[in-house]
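Shown next, in structure tokens, is the structure this report addresses.
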Amino acid sequence: MLALGVVAVIAPVVLGAVVLVGTHGTDLRLSDAGQTGYRLSSGQVDDLLTADLIRLQQDETTLFQSQVDYGQLAHRDPRADQRQIEVDLATASGRADGSSRERTDLTTIADELPVYMDLGATALADNQQGLPVGTAYLREASSYLRQQMLPKAADVRGIEQSRLRADIGQAAGFPWWRVLVFVTALGCLLFAHEQLARRTHRRLNAGLLVAGAVVLALGAGAITTTLLSRHQVVTDLRSRANSAVGLTKVRDDIDRVDLDDELTASDHDEDCQTTPTAPFIVSCANESDALAVLGERGPLATDLAEVRPLLPAGVRTDRERWLTAELVLPTLENLSKQAAASTSKSTQHPPRYDDGFVNRSLGPYTDAATTPSTEKLFVSLRAPVLDASRHEWSRYAAGVRDARAGLDVLAWVGLALGLAAGLAAGLGRRPRVTEYWSRGERAA
Amino acid sequence: MNRRPTGPPRLVAAAVAVTAVLGLAACSATPTVSVPTVSVPTPLPSMSLVPVAPVTPDPVPTALPSCTNSPGSDPAASWRPPPMPSPGAMPSGSTMRRIQERGYLIAGVDQDAYQVSYRDLSPSPSPSASDGDAYQPYEGFDVDLLHAIAAAVFGRKGADRIHYVPVTQDFRLGAADEGIVDVVADSATITCSRWKQVDFSADYLDNAQELLVNSDNRKVGVSLSPDRVPRVYGMHGGKICTVGSTTSITNLAALQYTGDFRAVQATNWSDCIALLQRGAVEAMSTVNTILRGLRAQDPYLKVVGDGFSYEPQALMFPKSDPYSAGDSQFVGFVNGVIAALESGDRDGYCPQAMTAADTSCWGALYRTWLGPRPPHPPIPRYLP
């Protein structure tokens, strides 16, 4: 009897504690998910690291070009980019919850950055003296950044994205413990009420009834609130996060093609190789990569398809226009393909350089306004993707706020109600216990 | 009355004290984060190993062997120059007339063979708005030949009417073969096999393949045996860089069999020099004119050893392009331009200023780009 009384008192308190811990835990996970989303959204460190590395390469290439082809293209000092990247690395490294793999990636990028800057400085110094070897160093710097540093920055971002998914997954978990403890607490109170009624012949025990009502309200309220939050997470947060991550992939594809095009313009097709026999088809690494990314079955088309509802309809057209523009750039690769195609048709004469398609030389580019360039297409494609990405992350943040609504209040109210229910159960038990014992002693 | 048993108070106090000490120690310990050990890869241009040819190297020739692909048995022989037309008055129906009517010569050139044919990377002047041809992006010995050809077609004032198509070592043969350009000036060596795809001008520069190493390298060199068989020594398993689709790579592939080195192939000359500067290869090798230009980009390099090949250089022209019917006439015309450059004529057009010491315009070009002591120009050989 005493034990039953103790259980009847403790069960509601335990329920209150479980509601407190469980709800607070959900709130913490949602808060983590919100923080992680904030870090991944445009302009925050993990995303900024990749963007700043790309910007560094773009500024190096533009500075290189502006030294020779045509004057004074707008660019930042690459050393300013380097300082910004060092700030990004320090900020990211200072996070206490970074995984060991993340720390390894950040440390490696920090060690590779001076190697890259050395290559860039050598390229610019040689270029400034008019030495062709500078182009080789520029190419090497670009390869180093794209093959070594950018993948690690992407891995850091990927770790954060995985953390985001894990946080969302945990926040979307069904509140099994709360349901179990609620049912158990209610069951304990009912059992205690029945036992006491049988022994004391008092059908209704006010204290236990009050405790039961409070437990019912507490449990139902906690479970309902948690399920509503879970619904918000499952239907809204997860899709917003996936959309934002998808838009990040699109942005990466666009930046990759832009880097390809900038390097093609800078090194004037020095990275090309040719098939050894006729037809002599030229293949240039940067141009081939750009075409592969922009192609119908390329990663950009695939990634755009996944986030199509989030972007204006014109984005798909912009990709096709960019692809078309790539195929008519006056590059060795395009020239050789046209020549080979025409040579195979004996009725046509080969496309001499004075014929329609390639009626411009591959240099010099003395006027930025007339230089063949895909820069405008890059800007027109990237801008809506950035806008959509910011929009998705802001809606994600709003979704986190909605999912967290009331959870902190519920946590403490739940504990208070649990304690109150426990007190009510204790008070309800005491007179009947006294009566029970006194009857028992008289019987003895 | 029953009394509850109690534990030893000292034991309880000791347990509490130990717990407190441990707790304080845990709280005061500074958390350490270990700095991961990482390895940073060294950036290098890509290079691929050249297969070892299972043949011993041949003696270095002094002339090209007889060939059935060339118009005559002597592969160095080209079409005889015709009576040269006056600039601006090219014969109708000829390739020169078509070039004249088009208004510019289209030429394939290298862009990183410093001082031979390279993209001029000096800070660019602002081009004149009225004369788009004032800005000339390419320079070098080979490029000056193109200026001479353009002057012969258009007149002296038209010497700059050239549209340049930068061609890689791989693509120069294709550019000529497919008729994309009128002429390729890219330090091309006359070979029998290349006569299948292109026509060659007369030999305008005799070259030999040599080695370029770091200036503090005293071990590596090339020697010729008494019967002129070359051997590379001092490499001790090291690598020698060159570029594909060249006679240089063919010569090195043969020398690998007897020399203790591996030949590697890079995409272009700039990649080779970058590999040499970063210590990834011990030497690079090609014809000496290109090597001198590469050495001019880095004073800490030097050319070593004997020349171990015979490399007569010529311009390349489309061969089987139906658009260029009569190309042999154009080739002969260009041979006439070359002959004029090699003559002692001081009244004709010369892309570089001739000094009193220059015996010919060709000598002035050589002195400007290749070295202070020009040799005698090669004696051109023509078809009978």
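Worth a mention:
- Anchor B:Lys219: lysines whose Cα lies under 23 Å away (excluding residues fewer than 8 positions away in-chain): B:Lys239, B:Lys302
- Judged by the ratio a/c of the largest to the smallest principal axis of the C-alpha gyration tensor, the range B:297-384 counts as oblate, that ratio being 1.5 or greater while a/b is no larger than b/c.
- Taking only the Cα atoms of the range B:194-319, the ratio Rg/Rh comes out at 0.98, with Rh defined as the Kirkwood radius.
- Residues B:Lys319, A:Lys152, sorted by accessible area with the largest first, give B:Lys319, A:Lys152 [1.4 Å probe; ligands and nucleic acids excluded].
- Accessible heavy-atom area order of B:Cys192, B:Cys241, highest first, probe of 1.4 Å: B:Cys192, B:Cys241
- Relative to the Cα centre, the charge distribution of the range A:150-245, modelled as +1 at Lys and Arg Cβ and -1 at Asp and Glu Cβ, gives a dipole magnitude of about 220 debye.
- Computed accessible area, A:His231, all protein chains, 1.4 angstrom probe, square angstrom: 110 Å²
- Residues A:Arg297, B:Arg262, A:Arg390, A:Arg429 ordered from highest to lowest accessible area at a 1.4 Å probe: A:Arg297, A:Arg390, B:Arg262, A:Arg429.
- For the pair A:Val6 and A:Ala383, the difference between a 0.36 nm per residue extended length and the Cα-Cα distance amounts to 129.2 nm.
- Counted by Cβ distance under 14 Å from A:Thr107, the other residues give a net charge of -3, where Lys and Arg count +1 and Asp and Glu count -1.
- Treating r as the C-beta distance of B:Ser215 and B:Cys192 and R0 as 30 Å, the FRET efficiency rounds to 0.20.
- The stretch between A:Asp77 and A:Ala398, if pulled fully straight at 0.36 nm per residue, gains 111.8 nm over its current Cα-Cα span.
- Counting only heavy atoms of the protein chains and using a 1.4 Å probe, A:Lys337 has close to 90 Å² of accessible surface.
- Within the range B:55-92, backbone nitrogen closer than 18 Å to the virtual label 7 Å beyond the Cα of B:Lys157 toward Cβ: B:86-90
- Separation of the range A:163-212 and the range A:234-296, taken as the distance between their Cα centroids, equals 59 angstrom.
- Rolling a 1.4 Å probe over the protein chains gives B:Arg292 an accessible area of about 90 Å².
- Förster-model FRET efficiency, 35 Å R0, A:Ser283 and B:Arg228, C-beta, rounded to 0.05: 0.35
- Stretch gain in nm, segment B:Ala356-B:Ser46, where the contour uses 0.36 nm per residue and the Cα spacing is subtracted: 106.9 nm
The values are calculated or read from the model by the stated rules, or taken from the named source; none is laboratory data. Since the structure is predicted, the reported quantities are computational estimates derived from the model, not experimental observations. All Cβ positions, glycine included, derive from the backbone under ideal geometry; neighbour counts span all protein chains shown. Quick note on the areas: whole protein, heavy atoms, side chains included, nothing else; ligands and nucleic acids left out. Shrake-Rupley method; radii C 1.70, N 1.55, O 1.52, S 1.80 Å.
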